[in-house]
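Some notes on the structure that comes next.
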Amino acid sequence: MTRIIAGRAGSLVLDVPDAGTRPTSDRVRESLFGALESADALRGAAVLDLYAGSGALGLEALSRGAASADLVEKSQRAATVAQRNATRVAKAVGTAAVRVHRSSADAFLRTARESFDLVFLDPPYDVSEAELSSTLALLVTVLSPGADVVIERAARSPQPTLPDGLVAGRSKRYGDTALWWAAIAD
């Protein structure tokens, strides 16, 4: 069962696509969002959740004080689930500042007009390192000054290759999952 862990929509159960996604575990999300809250990276943030699946990461951020969340998901089935979850969370939070985009990550980034303060990337494990690097290069163009980026991959994956404009931060492993943090270069 996937749920919103804390905030104004805390304990709300989220639907999960029946195939093709791997939701971030509660344990990983709890640790991730604890770190983001202690860094004051959520309050008022414009959040982008690429490869959103159910939308759990972006919606958790919205529940905990982000100003907006854009969820990007290529799969029609998963985008439909993310939209259903987004509607429920927006109602619980009292805002309509959540949008679901049925698009590939790269196509969305090529046409985005907004800038984002916090970005989550949780691509399918079969996305190659070269594809991920290409997406990260496109991402740099839509980041706000001081933006944070969190990349989730299999623990066996190498550290992502960051493009010019992003600098590596910390990393953390949780069983089969690894998180890599990056920030916009000053």
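Bear in mind these aren't lab numbers, they're just calculated from the coordinates by the rules spelled out. What you see is a predicted model, and the numbers here were worked out from it, not measured in a lab. Here the Cβ is made from the backbone with ideal geometry for all residues, glycine too, and neighbour counts use every protein chain on show.
Given the options GLY55, GLY44, GLY175, state which has the largest fluctuation in a GNM of the chain using a 10 Å cut-off (strictly under) for Cα springs.
Per the Cα network of the chain with a 10 Å cutoff, GLY175 tops the list.
Before anything else, pin down the relative contact order of the chain: Cα pairs under 8 Å, at least 6 apart, normalised by residue count, whole percent.
So the answer I get is 18 percent.
In what sequence do TYR174, TYR125 fall when counting other Cβ within 10 Å, fewest first?
Working: TYR174 15, TYR125 11.
In increasing order of surrounding Cβ atoms, one gets TYR125, TYR174.
Among ALA41, ALA69, ALA52, whose mean-square fluctuation peaks in a Gaussian network model of the chain (Cα, cutoff 10 Å)?
ALA41
Can you compute 3J(HN,Hα) from phi for each residue in region 8-13, using the Karplus curve 6.51 cos²θ - 1.76 cosθ + 1.60 with θ = phi - 60°, rounded to whole Hz and x for Gly and Pro?
5, 10, x, 6, 5, 7
Suppose we keep just the DSSP beta bridges with both residues in region 114-178; what percent of those would be antiparallel, to 5?
In region 114-178, approximately 45 percent of DSSP beta bridges are antiparallel ones.
Using only Cα atoms, locate the centre of region 133-186 and the centre of region 32-111, then give the distance between them in Å, rounded to an integer.
The distance from the Cα centre of region 133-186 to that of region 32-111 comes to 18 Å.
Charges only on Cβ, +1 for Lys and Arg, -1 for Asp and Glu: so what's the dipole of the chain about the Cα centre, in debye to the nearest 20? Before the final figure, lay out the partial values.
Values: 21 positive and 22 negative charges, 112 e Å.
Dipole of the chain, to the nearest 20 debye: 540 debye.
Give me PHE108, PHE120 ranked fewest to most by other Cβ atoms within 10 Å of their Cβ, as a rough exposure proxy.
PHE108, PHE120
Out of ARG84, ARG27, ARG43, any idea which swings most in a Gaussian network model of the chain, alpha carbons joined below 10 Å?
Looking only at ARG84, ARG27, ARG43, the biggest GNM fluctuation is shown by ARG27.
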